[in-house]
Structure formats: C-alpha cells, structure tokens
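Below is one structure, written out as structure tokens; the observations come after it.
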Ligand SMILES: [Zn+2]
C-alpha cells in the first residue's frame, strides 16, 4: 500500500515528518518498507507568463514568445506548442534547469533566435502522459503565486510515499481514511472526515433504475446512485497528484474519482454508462455454465458457472468485482453515469479473479472484504466529488439492495485476562483509554468486564484476544516486560536424533563433506540411472504445481542429487570429491492416489570420485570400492550398530562386478558400488565414481538395541595364530571368514584378513588369503591343545566346504608363529 | 709409596682428559685399571709396605681407583652424548614442509546452525520433535486456524499433490501433532526443526528451506515469557549485547502476533547497510497461541496458554555468517562447504 503523506495530511494533522510517522506505524503493526520521494523531480522550472507569441516565419508550427519569468528582462523562448498564447501562465524551464530523466536545458539558437529556455508540457514534467501542448497553469495556481516561483512549490507537486506492508488481517488499511485512523492513534491527533453534502436536482434515482439481487450470499449489498450532465474531462490536479502517488495513472474525471474514492474509502466502485444499460435495470446473479461476455480489455470470457455477473435487462455487462464489460463502459460520449458500490462474497471474487487471471486493485479489496455498512457512503462521496469538480447533476437518493445489515459486533474484555495473556500490569483505566483512542464503543457490564463495540471497518476483531492484541500494540510491545516461563523441564534430543547428529560428525571426520539437495528431482533421473521400466523408483509422488519439471518428483533416492553435486563441482575444477548427504526419501503408498502420506525414509548416501589432491608426500591412489566400504563399515561400527555384511548384487546403475548389497544381519539396508560407466557419462562424470546409499533407521535401532557391554580388560592372555589358505578366487572372501568364525567356536575372538595374494606362483584362478586369529577364554588360560584343535577344525572346514588348502609354511610372506 | 700413588693418579687423570675418543679412553682404562694396569700393579706391591703404613696406603689406592673410574665414566658419558647428538643431527628434517594431508570433511553450515539453534533451546528445557514433510492440509492449515479460502493462505504458496495433501509450508504441523499426542497434558515445550517448502524461487527465497519452530503451552504462559525467551535466544545466538524489538504483526495461528528484530550486530544499532539503516534486523515471527488453535487440538484456552515462534534457518545462517546469496546453500560447491 502506497501511502501519500500529503493525502494523509488531509484527514489528520500529522505534525511529524514522514520518517517518524513510518516508524510509529511500524511499531503499531503497519510495517513500512521504504519512503519514496515523488513528484517535482525537476529543478529550475518556474511559473511564468507568456507576454507575446508570434509565428516564426520559416516554420509552420514554431512561435517566438516573450516570457516574463519574474526577472527584470523578459526571456525569448521558441515554443512549438499549438496552445501557446499571450496571457497564459506556464511552467518555464530556464537555462540550467534539469527535467525528469536528467535532460538539462541550455540556450539554443533556432531560426536565428537564441531560445532562453523551454515551456513545458505535463509529460515533460512527469505529471501525466499529456504532450498535446504546454501545461496551462492559470486555473491551477493558488492566489498570491509570484512569477518566477518554483513550479513544484507553487503547485505542491512534491510528496513522500510511505510504502506500507499490510498484514492480511488489516485489509481495512487499504483505505486512506482507515489508515488515517491508525496515523491519528499513532500521533495522538484526531481525524477529520470529508464533507459529503451536495444538492440532488436530477429526479428520483429509483424511477430511473431498478436493481435485483438473486443471491444475497454472493452479493449481500448493492447500492447505486445516478448522475447526469457529465462532461468527460481531466480531473483536478490535486486528485491526479494523489492518484499518481498511490501508483494509479489519472485517466479522466469519472475514472479518477471512482479510483480516488476506492483508495480513500476502501470501497471499489464501478461506473456504467447509464444510456447503455438495456431495460433500465441491473440484475446481480451467478453466471450460467458456458455463459460468455466480453470484458473491457476486449477479451471474450467464458464462465464456469457461479461467478458473480452484473446484468442489465438483456445480459451480462460486468464481472462483479473483477472487471467491467466492453458494452457498458463509460466513454467520451457518456453523459449519464450509474455508480455502483457493492459488497461481494470474497471467496467467489478470489476464485474468479484467479481463474480469469485479472487481479486488480478492486478485486484485491473485495477479496479482503469491504465494510458492508460503508457502501452507500462511498457512493455518496463519488457523487459529491462529481458535483463539486465536474458540475454534474445528482439524482435524488440511492437504489440500495441491502438485505441483511450485519449485527454490530460486541466483544467482552476482561481486564485481568489482558494481563494474564500479556504478562503485563496494565491498569483498567489504561485499557479503557486504549479502547477509546481506537474509537471503539465501550461499556462496563460487570466488575472487571468491558463490553466493546467493534466498528464495522474492523472486521478482524471478533474475539477477546483480538482486543488484547489491540491493547498490546497501542500501548506498545516495549511496555511488556521480558520474563522466562517458570516451568522447569528436561530438554534434549531423542536417542535417534543424537545418533543422527553423531553419524554426521563421524562422516565429516572420515573426510566427507555434507551436501544438502532439494527433495524434489526431475522424473527423468530414472532414465539417467538406467532404471528398468518396472523399477519402483519410477513410481514417484508427483507435485501437481511444480515450479519447473526438474523439481516435480519427490526423490526416492539421494543419489541423483549427489551425482549432480559431483558433476557441478567437477565442472568447476573441484577434483577431490567426497560427499555425504542425509535426508528423507519418499516412497508413495501402495495404492497411491495422492491421498495417503508416503513413507518417509531417513537415508544416507555417499559419493567418492575424482582424485585426492597430490602432495609432496607422493600421490594417493584413486578412490575405489574399498575406500568407501571402509568408511561405511567404520560409521556403522562407530555408532555401535555392529558389523555390516556385503553381498554381491545387481543394480542397473552400478558396475555389475563391483556392487554389493549392504546388510545388517540379514536385513538389507542399501547398496554400495562403483557407478556404471554409462550412468557416470549420463551425469557428465568421468573416472570411477563410488557411491553408497543406505537406510539409517535400522542402523540406529541396532545401535540402540545393543545395550551395555562388558568393558573389563581381559584377565587371561590370548593365543594368536596366523593361517594362510589357498583356493578358488570365485569364493567370496566373506564366506571364508564366516566359515573360520564358525569353526573356531566361542574361543575364537577375532579374525582379521591381513594378506591377499593372487600373483605367481599362485596359479591363475586361485588366491591366497592370510588371517590373524586370536583365541581367548574369559575365565582361564587356554591350553595349546585347545587352540590346536580349534585351528585344525578351521583347516578341515575350509578344505571340506570351499576346497581351500593350508599353504605350506615358508611360502607365506608372513610366517606363522 | 703414597707419592707414587699420587703420581700415577695424576698421570691417569691427564691421560683421561687427553683421550680423543671412546677407544683411546678404553686404552687409558686398561693401562691404569686393567689387570696389568699401573694402579693394579701398585696394589700388588702392598706386601712390601710397612705393616704400620699399610692401611693408609690401601685407602689411598682405593681412593685413586674410585676417582679414576669416576673420571672415566664421566668422560665416556660425554662421548656417548656427543655421538647421539651427531646421529640425531644427521636426521634433521625441514620442519617447515607441509604436514601429511589428512582429508578434511565438513558438516553443512545449515546443519551447524540448526544444531546451534537447537542447543540454545535444549538448554532452556525444550525437547526436539519431528514430523512428516508430506502433510495433510488439515495439519498444515486447518488445525492452525487457516480454513480453506482463508486469504492468509496466500502468504504461503504451497506445492500440492492433491487437494488434501501437500508439502508442509512450515513445521507447525509438528506442533499440532505433538498437541494431539499429548492429549491435553501439560507442559508442552518443544522445538520442531525441519525441511519446509514454499512456491518461491529468487535470490532471497528457495523453494525448499529449513525452519525451527517452538511451542510452549502451560498454565500462565505469557507474552512476556515469549519476549524473555526470545531475548535469551537472540543473545546466545548473536552475542550477549543484543537487544530485541517486538513489532505487532499477523499470523493466523497466534494472537497477539509479533515480528522480532534484533539490534544490528554489524553496527550495534546505529544503522548500516546490513540493517538498511534502521539498526534492527528481522529474524523471526512469533506470538501467543491463538485460542482456536488450542481448542482444535484439545486444550482449553481458559485453563492454559502458550506461545509459539518460528524462524528460517537459512536466514539466521546467512546473517550470522555473512552469506549473501541463498542459492549458495544448496549449490554444494566444495569451496563453499569447506569455508565453515
Ligand atoms: Zn546495522
């Protein structure tokens, strides 16, 4: 809302500058955004009088003028305007003057004469688009204006606009008078309302027009007045200045007055050319489905049914509250005007304006809800202005269809409750004083209880707590003390929240960088990942009104986000890529119809790619599957979830020979592997890209379920043995290790692979695995015999089950003890 | 005899002092203290000494032995020390070379700021609650006093899946779900951090962002308590010298409602570019829980009251760390991620 300081001054004697007013309004809940100086954006332009004007001989339109600009000697000025003539008071830009847009006036020689300035049109001074001639000031200047006086000062063209950000509940302040009420409260001034008196000489309006409203819910009030003998022309300068300051372009007297009253009273008006209303009647009714009408922007509009239509005796002439029709528009030829001031159903207006895509100052006000008791007042204000400034003849009375005037709202306010909610110490007298400053009626109906009458323009106040807010904001929030709640509670994160926090810290400690990507992705990501037609990720939750297609599908995997992150970094020459991300993925409900919440699964994803930075210590190797596997294993172990299992698996987007399912016991958590080279290419990544993705909740539950463990140091010594075995490399290492653990029994406490060898002399297709084994018993020292027996059992099982044979002593690089 | 002892001792001491290295010192040791050494030979001739002088001579020989051994040991230790010194000197490295790189990871600045905010409120006794991001219209709007066609719904343009389900526009649904779960029990004292979505995308808005909301309901929880709580928060987060200013505002779910400004930490309130000359910076919205919201979730507004507040984590992070472009927060450029 653009609030003109000069305009506001008409209703309240402000006494303080715009900046201070803006600050006080802000502290009363009407926050200002900025203060913009407007009008008179020029200098060196003075009031002057044309003394003589003669045609220049060699030109068809130029005149040489003698102009008195208040100096001793008159100025010679060449002027091309058709309306220049002796006696005219004009705006004269003298040599050195600066016009809007930065143009500087200098002395110029034309047709042998030096022109000592320029006579200005309205357009040249930024007043309006009128460039048909120079601006005639004779009727505009106040008495006592001197020649040579600054034009902007003489015409009071300069103003300041306070741009106020209104909250949705204060739609009433879209009207200058309502805003002036706030300004009056904020400055301690009183408000002065416009005088609405005028004479009615034009016959009974009710004889000239009949109005029928078929649906009082859509249109609870429809008031109209008639004026005759209109001459369309410009509106008064002061009104044009106010409209311009408010951000509306002046058009003509009828349109300007209608806009002015809307801005002043927060009541949109509509004007019809009365002569064009067929059957001398107005019918307000819902549209029929498929009904058509041409709006005044020239577009044919088709209705769904139910929109509010204003019709004459034969058909629709206006989309109520939204836009007028072509046929009944006021034109230059109009002499009689019907002025409408109505209240429409806000929801209906909102839907219609949205659907037709034509929001306007008027529809905005109807959406917020106008003051229904104010309709005819606004109508009278328009007629009064037309009578005063356009000399029209007003018809007698109004035609006002007002089926059910609202019951005045009364709200009880308990003094004690005010302080109870606010934590303040306001006295009853202070509270009463606030209510009267706001101009609300009040009556004490019981000890400590005030009954407050809410004026019809404050539709936002319906509850006691609304009044409490009024007390707080008018007294000032700074008058309320700052205390702390007295309730003592134990705060904290839940065990799972603590684990997630720890997980992220550990991941960062492993050298990974946390990324945060949007939860919505492009549906095409499924193609980039080479997912097959029936893949569950192709069945996603779709946003029905996305900002763009690449933000339209709720992700089922964090990988697309991380892959784009990696590609973006690579393109910017960030080459050492180590990322992780945690977040929700969204699995649509089984028989999904966008009606049931999806499952939201807390997930972590990892990515390693590119190469570690070189350093003088020597080049680190490229990242590989095992780099990431090591990180994932360490994270699981560090949060206390225990050991993960890895099983070879196929995923379309992973390298078929270098990918694994991650399992916790037998529960699948996710996958890890090298990205399929085709997928890497799809994301413009080169080199090996290692990714992993797993569900976190089962991991956290496992960590929380493990309970207390024995933390005593072992009391009896362990026996260690190394074992080296050789067999087929087709057997997954994890099976060998599992077999060792099982055969070793309870006394085998630790198994660690410390060597893998598959080069000659090992035959092709075979490999040698060497493990360090640790045997221990908690209650006693183990005998050599016990350990030997366990060792023999391990050797036997490996031979029987996997055809892995013990390697001969001596051929192992790490000799057994 | 005594004189001979004295002479040998002084000869030996001179030889010890003159020894240039371990080997020659060992030679000196053998020459005087060895089986055939000078002092040893002398003690063998003890029999020739008068019985009356014998004790004195014996004592002198022993004293000389001790003195020589001590001198030799000292000299030997000095040789050892010099040798070690030389060996270490040969191992000298250029200590100014860079250390072996240890890969540095990082937590996202949003994670860090979120945690800072949470920790302030945890310190004041709040628990941390979470809820779904894909929400029902009821929890996101209706239960918060925002029925269908309420004009204030425009304040939060939403992403929809259907007329009934959407991406939550704030974490307030978590407040509603918590109140439902608490079923009228008091006190409720929670913060709800999380991801939220609004249909907005420009330099200062992101379609996805993070919020922390707070809710306290108990007997006699006042607007003054809200002010005090937020003052404590502002000081913990932005420095102990901060002031706060509450301005009347409007949210459908609170009444009275307040926007909260903190005194500018860049200029201390005198006015600068960061605070656009006003000396104040807006950081959050808040208010007393609207009685209708309490009623909708099963609390009697005559029996209890409460306050709620909500802030954008991105905004706090940008203010606190001087980040000028919100898009950087979701761009994940390693140079940015590493700068915190
Ligand atoms: Zn500042």
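Here, each number is a calculation from the coordinates, and none is a lab measurement. Computed from a predicted structure; not experimentally measured. Cβ: placed from backbone, ideal geometry, glycine included. Neighbour counts: every protein chain shown.
The mean number of partner chain beta-carbon atoms within 10 angstrom of a residue's beta-carbon across peptide B:329-338 is 6. Across chain B, C-alpha contacts under 8 Å between residues 6 or more apart give a mean separation that, scaled by the residue count, equals a relative contact order of 14 percent.
The mean number of Cβ atoms from other chains found within 10 Å of a Cβ in peptide B:214-225 is 5, as a whole number.
The fewest-to-most ranking of A:399, B:195 by surrounding Cβ atoms within 10 Å reads B:195, A:399. Between the C-alpha center of the range A:43-57 and that of the range A:250-276 there is a gap of 36 Å. Peptides A:40-46, A:780-786, A:331-337, ordered by how many other C-beta atoms sit within 10 Å of their residues on average, highest first, read A:40-46, A:331-337, A:780-786.
Our helix-only sum for chain A, with -39,500 (n - 2.57) per DSSP H run of n ≥ 4 divided by its residues, gives a mean residue ellipticity at 222 nm of -8000 deg cm²/dmol. Over the range B:212-338, Cα pairs under 8 Å with separation of 6+ residues give a relative contact order of 27 percent.
Annotation: the antiparallel percentage among DSSP beta bridges lying fully within the protein assembly as shown is about 95. For the protein assembly as shown, count the residues as N, evaluate 2.2 N^0.38 Å, and divide the Cα radius of gyration by that value, please. Output field value: 1.41.
Eigen-decomposition of the gyration tensor built on the alpha-carbon atoms of the range A:719-813 gives equivalent ellipsoid semi-axes of 24, 13, 11 angstrom, largest listed first.
Note on chain B: GNM, Cα springs under 10 Å; of B:103, B:207, B:132, the largest mean-square fluctuation is that of B:103. Each residue, residue A:296 and residue B:96, gets one label point 7 Å from its Cα in the Cβ direction; the gap between the two is 8.2 nm. Take the Cβ-Cβ distance between residue A:547 and residue A:409 as r, set R0 to 51 Å, and report the resulting FRET efficiency rounded to the nearest 0.05. Result of the calculation: an efficiency of 0.80. Against the 2.2 N^0.38 Å scaling, with N counting residues, where does the range A:43-154 land? I'd like the Cα-based Rg ratio to two decimal places. My calculation over the Cα atoms of the range A:43-154 gives 0.98. Listed by Cβ neighbour count within 10 Å, with the fewest neighbours leading, B:229, B:127, B:59 appear as B:59, B:127, B:229.
The Rg/Rh ratio of the range A:200-402, with Rg taken over Cα atoms and Rh as the Kirkwood radius over Cα pairs, comes to 0.93. Measuring nothing but how far apart in sequence close Cα pairs (under 8 Å, 6+ apart) lie, relative to its length, the range A:326-479 scores a relative contact order of 20 percent. Taking B:235, B:199, B:75 in turn, the Gaussian network model of chain B (Cα-Cα springs below 10 Å) assigns the largest fluctuation to B:75.
Between 0 and 90 degrees, rounded to the nearest ten: what's the tilt of helix A:625-638 against the longest Cα principal axis of chain A? In chain A, helix A:625-638 runs at an angle near 90 degrees to the longest axis. Shown here: the range B:1-90, whose C-alpha atoms stretch 59, 19, 17 Å along the first, second and third principal axes, sorted largest to smallest. Here the calculated FRET efficiency for residue A:750 and residue B:202, from their Cβ-Cβ distance with R0 = 60 Å, stands at 0.55, rounded to the nearest 0.05. Taking the Kirkwood radius as the inverse of the mean 1/r across Cα pairs, report the Rg/Rh of the range A:495-706. My calculation puts Rg/Rh at 0.96. Working from label points 7 Å from Cα in the Cα-to-Cβ sense, the residue B:335 to residue A:718 distance is 4.8 nm. Compared with the dominant Cα axis of chain B, that is its longest principal axis, helix B:172-182 is turned about 90°.
Ordered by the count of other Cβ atoms within 10 Å of each Cβ, fewest first, A:254, B:66, A:72, A:725 give A:72, B:66, A:725, A:254.
Each label was represented as a point 7 Å from its Cα along the Cα-to-Cβ direction; for residue A:114 and residue A:238 these points are 4.3 nm apart.
Between helix A:253-265 and chain A there is an angle of about 60 degrees, using the helix long axis and the longest principal axis of the Cα atoms.
Sorting A:487-499, A:120-132 by average packing, meaning the other beta carbons within 10 Å per residue, from highest down gives A:120-132, A:487-499. From the Kirkwood radius over Cα pairs of the range A:529-590, Stokes-Einstein at 37 °C and 0.692 mPa s returns a whole-number translational diffusion coefficient of 242 µm²/s.
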